[in-house]
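The values are calculated or read from the model by the stated rules, or taken from the named source; none is laboratory data. Values in this document were obtained by computation on a predicted structure and should not be read as measured data. A quick note on method: Cβ atoms are made from the backbone with ideal geometry, for glycine too, and the neighbour counts reach across all protein chains shown. To get the accessible areas, we keep the full protein, side chains included, count just its heavy atoms, and leave off ligands, DNA and RNA. Shrake-Rupley method; radii C 1.70, N 1.55, O 1.52, S 1.80 Å.
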Number of protein chains: 2
Amino acid sequence: MTYWTEPQLASIHKMLNPRSIAVVGATERMQYGGRFLRSVMQAGDRVNIYPVNPRYDELLGLPCYPSVTDLPESPDAVGIIVPYHRVIPVLRESAEKGAGSGIVISAGFSERGVEERRQLQLQLGNVARDTGVHISGPNCLGLANIKDDIWACSSSSPSGMQLKSGNIGLVCQSGASAFGPFLSRALGRGIGYSYIVSTGNEADLEAADFVRYMLDDDDTKVIALFIEGFKNARKFMEVARLAAERGKPIVAVKIGRSDLGARAARSHTAALTGSDEAYDAAFEQYGVTRVHDWDKLLEVAQLLADSPPVRQRGIALVSHSGGVCSLTADNLGDAGLELPELSEPARNGINQILEGFGWAANPADITGHASRETVEPIMEHMITEPGVGALLVASSAGEDQAKHIINVRNRHDKLVAFLYTGNELGASGGLDLLKYARIPVFHSPQNLASAMRQLHDYYDWHESRAEAGFAALPDMSPEQRAALAGLRSSERSALTEHEAKWVLDKWDIPTTSERRASDADEAVDAAREIGYPVVLKIESPDILHKTEVGALAAGLADERAVREAFDRIMNSVATHAPDAEVKGVLVQEMVSDGVEVIVGASYDSQLGPVLLYGLGGVFVEALRDVALRLCPISRLDAREMVAEVAGSRLLQGFRGSPKADVEALTDALVSVSHMAAHLEGTVAELDINPLAVLPEGRGVKALDALITTH
Amino acid sequence: MTYWTEPQLASIHKMLNPRSIAVVGATERMQYGGRFLRSVMQAGDRVNIYPVNPRYDELLGLPCYPSVTDLPESPDAVGIIVPYHRVIPVLRESAEKGAGSGIVISAGFSERGVEERRQLQLQLGNVARDTGVHISGPNCLGLANIKDDIWACSSSSPSGMQLKSGNIGLVCQSGASAFGPFLSRALGRGIGYSYIVSTGNEADLEAADFVRYMLDDDDTKVIALFIEGFKNARKFMEVARLAAERGKPIVAVKIGRSDLGARAARSHTAALTGSDEAYDAAFEQYGVTRVHDWDKLLEVAQLLADSPPVRQRGIALVSHSGGVCSLTADNLGDAGLELPELSEPARNGINQILEGFGWAANPADITGHASRETVEPIMEHMITEPGVGALLVASSAGEDQAKHIINVRNRHDKLVAFLYTGNELGASGGLDLLKYARIPVFHSPQNLASAMRQLHDYYDWHESRAEAGFAALPDMSPEQRAALAGLRSSERSALTEHEAKWVLDKWDIPTTSERRASDADEAVDAAREIGYPVVLKIESPDILHKTEVGALAAGLADERAVREAFDRIMNSVATHAPDAEVKGVLVQEMVSDGVEVIVGASYDSQLGPVLLYGLGGVFVEALRDVALRLCPISRLDAREMVAEVAGSRLLQGFRGSPKADVEALTDALVSVSHMAAHLEGTVAELDINPLAVLPEGRGVKALDALITTH
């Protein structure tokens, strides 16, 4: 499926690279309209600027036009800063004039929380799509093309204009964040952007659309995102997939916890699937690096943008201070990174330089005795170590030292990053040199370590996906289509266990041998056929958790036990769930030599079907030791889910028990993910709890299953 | 026990508050001696400065003395910057002259890693203690008394002199860190210290001694520590206890992972007790706030120093930007903090001010529409909410706004902290006002959230300890003394299970009923006496893990089963452990209705006996879901250990099983901690695995036990 058309991308191109901009609602006053006009006028030598306001003939020295219709040309972009009820007429007029795009600063739409305005916003989006004059906003602050120094925004902060051009594309739903902390922190850190886009309420274009545009932009190497949520999460996943293909990392802050996790859930799966955890899983699955802080967004984006691909895992660390060495090495270790020991030649080489002071080791504490001239050959020894992929240097950035660091970086195709130990305010000339040379700079060992870890994770992920590709959803078989149709026509909101297993079977998920029995005689016949021991369970769409009402008996070894259990279950249900519709008793083979896991799916309003896997019983319930993924998943995803769950160690043969059939579990996870994706819109929750993972070679079996529908 | 004497504290007082300083090894050149001299000379109007160097008559305009003996007075502090072999003679001479203290900058001691220099350092420490001229160092960078502006250090960075005086006492083992990042980052953040002390190799005074001194100093409210390890961890714990009594928080970075965790361990407990995790536990137990980064050390110390005691958990948050609100609220939520909903009066009050723009909620997104004058009444509404203990404001710190924030803070006895969203370099006048007014300032939502969490944790901890006090170690009973004597005289390095349980019994830890049997007949007699079913286990000091060699049989229901099991165990041991010394077979009552936990102790070279608790089996081994504490522990500690382990949910009655006897488990944890403390030096590892926690009212029982000795 493709979410983007050529005309749409062309419209975005005009919006971000305009040769002419109309400013509808331009004023003299320093309000939104006046700020927008002043901001675009800074590019007046390169861009035709047309203030539009019937109340002026001239504004700030420019001729002012009464309407868009009166403009001497069709503008590439129209800034719209008028009262909310005037926005759609202006957009229509712009379309008639042949405008390329719109930037809607005007607020007063769905953010006001009233239905009428929500409708107006939907209408605005439709007009943009119908006319092909695509818009950002409403309720955005505008955008900036940094590489060409064109600012089309209503930001009150004028300081942004000093921002340097760089290779990070920034897309923010929140305009106040884009032109607030993300601008000022980037200025402080000397980090440059290619574009800054604020998308506001996203009546038409979404963050994902701008990301898609930037994937085609040669000047943008990394995309930094600050988003509250997705209108269409799968569009975003598709853009993430494309970004991976092109090797452009996406780093994201996702804010705003939805409270979906707290909704009433009938299955264990739904109760265990937190919305924010599902986002974590989605980002991990699609290679999006998630952070929770503006400095981290900038630092990680910069590191990914300015690092060559990291081929060796080893990190070499150099500092003048033993304390800084230890603290940084500890943080790197905590993040799971490795500082390999130096080879003997490197050790000898460094020892000759140090002459007995400091430590020829990794990390290298070269102490205050190492003179300036000796730092470069020491770093050279360390970066040329074969297992080393990155050299980190921590100091207060003397100018000479900065030059040495840049020299070393220029001689090697490896990452060199810097940890600044000095005063943030008294920024040194050396620090400026490093920033100018695009050496990634960090201010704290902890942030450095977590960023390095995320860099490694990104390249690991990228490599594994380059080999294995992404999950694809196969077409449904005729049997599966028939099952779906059956589910759609069902009048009950929950299937019985036997019905649910019948559905599982259509997606090739193995289930227990079982038969339904209406009386004790039938139960005994069924047991004989299946083979003792057996399990008896009530078969009722109204009883979702059978143990709670005494509706389950296991380990029944002979006819007498089956008869007793049948009566006991019927009596117990009559007592504890007198109103339940009873469809008989299920006689089931007894499976006791498997490791019990839980596999299920629930549906997130933004992310769609989410698969859950965990160890059964106390593991999921007391420890929430589960893995989540968006459906469908690939076999690689399935293997990663298993590896991610700590309790999966039980599958490896724990304390003498046999190794479990992890391959069959992998198959089952993939199948359930297909099933959950196929049944989206019909099924509400899906729970296989437990799925028994039998000893190697013997497969898996769903022992119990729950499916609820909308 | 007291670790400190009056004369020692008096010596430290002279070192930190000198009226006269000798500089032995003073030179003109800008090396260690020259830098030290220049640094003290800045206080020349308040402190008598005596350069000592036989090669000069005069240095930088001051008369220079050939030796300490020739000085006109007994100096309060002697800076010693001479070759390593001259340090002890200079210290002895200083003692004879009546000097108060020494600051030994000279290096060349144990940090050189050779035995001779290690010995020299030991000797230096002894001279300091014997003469009463206590020293910091050797291999330190000196110290600074910021409140009186006296700098006695060899730091190469002169910028420190602009540092403002504050209420944080900084103690660093690493001089390059103290006068490096901790100085420059504090300058950048506008954070002030009372003292900066670098302790170097700690031949005599340790970090804990300076902390102890600062507990008596009225100008120091919070102590910030940067340490690699403790020579005497229990001395540090004692100072932490005293600090708690006086309400002075300690914030610490502990660097340097020791590799104790990787040592060969014979018990599960020792294998599971990581040295760094033990430090985490020790800090938590003694109320020391641990961080892993210099900025966090400063930020958390500043927050604790400048916050009134926090009485309400609720946090109110105000920002101009919805994105900043959400991001900050998310981070606060992730840290487990609460943003209570506003009361109706507050909501109405704020809505009247906002007139339809922004959100009268918590967090309050007051948007760009909220004019400057309206910010103060909005903040006032929020901070006066009854459930609110802290008001956080996030913005780019306009000057007027800063004044409003300070006004609000001054009117209330609640915490007001600030999150700066602006450019670090273009520091605003508003930010300076906030810093000057001692409003804690943060630069990232994530650091703000974790610091707020640590603030709450500190006050929670402090309150609980104020009520419950700290653990005390009771004296040993005569039986316990006898058991200890027996262990000491044991020639074997491991006790058999039966022997180990005999020891447990002396510390009132309940064990299974059991009898040792030499042949099948004796086993049958024992089983009859104990009552069926029983467990049979090999009794051998050489077989620590019985299942692995088939030396355990459970669930034996009758005489025949016991006889068969006896033979099977003997044969299996003869095959799999032919060299093991066999002391017969243990016949044990079978306990099957308890929740199995593991309780044990190991001994850390720095921290001493460390208690471990976790759920049995797969929980500890696959999930490392354990809690650690230094021994002895109190009942409060024990309850906290149980609460800390996620798997403890099994004790609450999981899926219909009865609630377990948590009170008895608490008793057992306290008893084992006493036992581990009493047996320190004799026992190497102690493992009760499993301890069965029986249903409520029925206590606990050690099912198996392992004790190894040195």
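Listing for the model above:
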{"read-out": "Only one of A:Ala43, A:Ala107 that is within 27 Å of A:Val211 (Cα to Cα) and in contact with a helix residue (DSSP H, G or I) (Cβ under 9 Å, 6 or more places away or on another chain)", "value": "A:Ala107"}
{"read-out": "Positions within segment B:547-564 being over 23 Å from B:Gly617 (Cβ atoms), open to solvent by less than 60 Å² (accessible area, probe 1.4 Å) and not small (Gly, Ala, Ser), in sequence order", "value": "B:Val562"}
{"read-out": "Failed criterion for B:Asp457 (all others in (1) surrounded by 17 or more Cβ atoms within 10 Å (Cβ to Cβ); (2) away from every other protein chain (no Cβ under 14 Å) hold)", "value": "(1)"}
{"read-out": "Qualifying position, being more than 10 Å from chain B (Cβ to nearest Cβ), of a type outside the set (Lys, Arg), out of contact with any strand residue (DSSP E or B) (no Cβ under 9 Å at 6 or more places or on another chain) and open to solvent by less than 50 Å² (accessible area, probe 1.4 Å), among A:Gly430, A:Gly469", "value": "A:Gly469"}
{"read-out": "Subset of segment B:160-193 (residues that are in contact with a helix residue (DSSP H, G or I) (Cβ under 8 Å, 6 or more places away or on another chain), away from every other protein chain (no Cβ under 14 Å) and not in a loop (DSSP other than H, G, I, E, B))", "value": "B:Gly166, B:Asn167, B:Ile168, B:Gly169, B:Tyr193"}
{"read-out": "Looking only at segment B:434-449, and only at residues there that are away from every other protein chain (no Cβ under 14 Å) and part of a helix (DSSP H, G or I), the one that is least open to solvent (accessible area, probe 1.4 Å)", "value": "B:Leu434"}
{"read-out": "Criterion: surrounded by fewer than 19 Cβ atoms within 10 Å (Cβ to Cβ) and not in a helix (DSSP H, G or I) - qualifying residue of B:Asp525, B:Asp542, B:Asp567", "value": "B:Asp542"}
{"read-out": "Which numbered condition B:Asn410 misses (of (1) closer than 29 Å to B:Tyr459 by Cβ; (2) open to solvent by 40 Å² or more (accessible area, probe 1.4 Å); (3) in contact with a helix residue (DSSP H, G or I) (Cβ under 6 Å, 6 or more places away or on another chain))", "value": "(3)"}
{"read-out": "Extreme residue, surrounded by the fewest Cβ atoms within 10 Å (Cβ to Cβ), among residues of segment B:129-158 that are within 14 Å of chain A (Cβ to nearest Cβ) and either in a strand (DSSP E or B) or in contact with a strand residue (DSSP E or B) (Cβ under 6 Å, 6 or more places away or on another chain) (or both)", "value": "B:Ser154"}
{"read-out": "Selected residue (criterion: nearest to the chain's Cα centre (by Cα)) from residues of segment A:413-427 that are over 19 Å from A:Ser307 (Cβ atoms) and surrounded by fewer than 18 Cβ atoms within 10 Å (Cβ to Cβ)", "value": "A:Leu425"}
{"read-out": "Verdict on A:Gly44 being at positive phi and loosely packed, with under 15 Cβ neighbours inside 10 Å", "value": "no"}
{"read-out": "For B:Asp567: the one exception among (1) within 13 Å of chain A (Cβ to nearest Cβ); (2) more than 27 Å from B:Phe283 (Cβ to Cβ)", "value": "(1)"}
{"read-out": "Residues (within 8 Å of chain B (Cβ to nearest Cβ) and free of Cβ contacts under 8 Å to residues at least 40 places away in the same chain) located in segment A:613-627", "value": "A:Val618, A:Ala622, A:Leu623, A:Asp625"}
{"read-out": "Test: residue in segment B:258-270 that is part of a helix (DSSP H, G or I), more than 12 Å from chain A (Cβ to nearest Cβ), modelled with pLDDT of 90 or more and open to solvent by 20 Å² or more (accessible area, probe 1.4 Å)", "value": "no"}
{"read-out": "Sole exception among (1) closer than 21 Å to B:Arg189 by Cβ; (2) open to solvent by less than 60 Å² (accessible area, probe 1.4 Å) for B:Leu120, by number", "value": "(1)"}
{"read-out": "Residues satisfying the stated conditions in segment B:292-310, i.e. part of a loop (DSSP other than H, G, I, E, B), over 23 Å from A:Gly333 (Cα atoms) and in contact with a helix residue (DSSP H, G or I) (Cβ under 8 Å, 6 or more places away or on another chain)", "value": "B:Ser307, B:Pro309, B:Val310"}
{"read-out": "Counted residues, segment B:500-521 - those being open to solvent by 50 Å² or more (accessible area, probe 1.4 Å) and touching a residue at least 24 places away in the same chain (Cβ under 8 Å)", "value": "7"}
{"read-out": "Qualifying position, being within 30 Å of A:Glu685 (Cα to Cα), touching a residue at least 24 places away in the same chain (Cβ under 8 Å) and open to solvent by 40 Å² or more (accessible area, probe 1.4 Å), among A:Arg481, A:Arg488", "value": "A:Arg488"}
{"read-out": "Members of segment B:498-513 found to be touching a helix residue (DSSP H, G or I) at 6+ places or on another chain (Cβ under 7 Å) and outside any loop (DSSP other than H, G, I, E, B), listed by number", "value": "B:Val503, B:Lys506, B:Thr511"}
{"read-out": "Single match in A:Ile196, A:Ile223, A:Ile227 (criterion: under 18 Å from A:Ile255 (Cβ atoms) and more than 14 Å from chain B (Cβ to nearest Cβ))", "value": "A:Ile223"}
{"read-out": "In segment B:632-664, the residues that are touching a residue at least 40 places away in the same chain (Cβ under 8 Å), under 24 Å from the mean Cα position of the chain (by Cα) and open to solvent by less than 10 Å² (accessible area, probe 1.4 Å)", "value": "B:Ile633, B:Asp637"}
{"read-out": "Within segment A:31-128, strands (runs of 3 or more DSSP E) holding 3 or more residues that are of a type in the set (A, V, I, L, M, F, W, C)", "value": "A:77-80"}
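For every residue, the table says whether it meets (1) touching a Pro at 6+ places or on another chain (Cβ under 9 Å); (2) assigned to a strand (DSSP E or B).
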residue	(1), (2)
A:Tyr195	no, yes
A:Asn201	yes, no
A:Phe210	no, no
A:Thr220	no, no
A:Ile223	yes, yes
A:Phe226	no, yes
A:Lys231	no, no
A:Met237	no, no
A:Arg241	no, no
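This table checks each residue for (1) touching a Ser or Thr at 6+ places or on another chain (Cβ under 9 Å); (2) under 22 Å from B:Pro478 (Cα atoms).
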position: B:Asp667; (1), (2): no, yes
position: B:Val670; (1), (2): yes, yes
position: B:His674; (1), (2): no, yes
position: B:Ala677; (1), (2): no, yes
position: B:Gly681; (1), (2): no, yes
position: B:Asp687; (1), (2): yes, no
position: B:Ala692; (1), (2): yes, no
position: B:Lys701; (1), (2): yes, no
position: B:Leu706; (1), (2): yes, no
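Residue by residue, here is whether (1) out of contact with any Gly (no Cβ under 9 Å at 6 or more places or on another chain); (2) of a type outside the set (A, V, I, L, M); (3) without any contact (Cβ under 8 Å) to a residue 40 or more places away in the chain holds:
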residue: A:Arg55; (1), (2), (3): yes, yes, yes
residue: A:Leu62; (1), (2), (3): no, no, yes
residue: A:Pro66; (1), (2), (3): yes, yes, yes
residue: A:Asp70; (1), (2), (3): yes, yes, yes
residue: A:Asp76; (1), (2), (3): no, yes, no
residue: A:Pro89; (1), (2), (3): yes, yes, yes
residue: A:Glu96; (1), (2), (3): yes, yes, yes
residue: A:Ser106; (1), (2), (3): no, yes, no
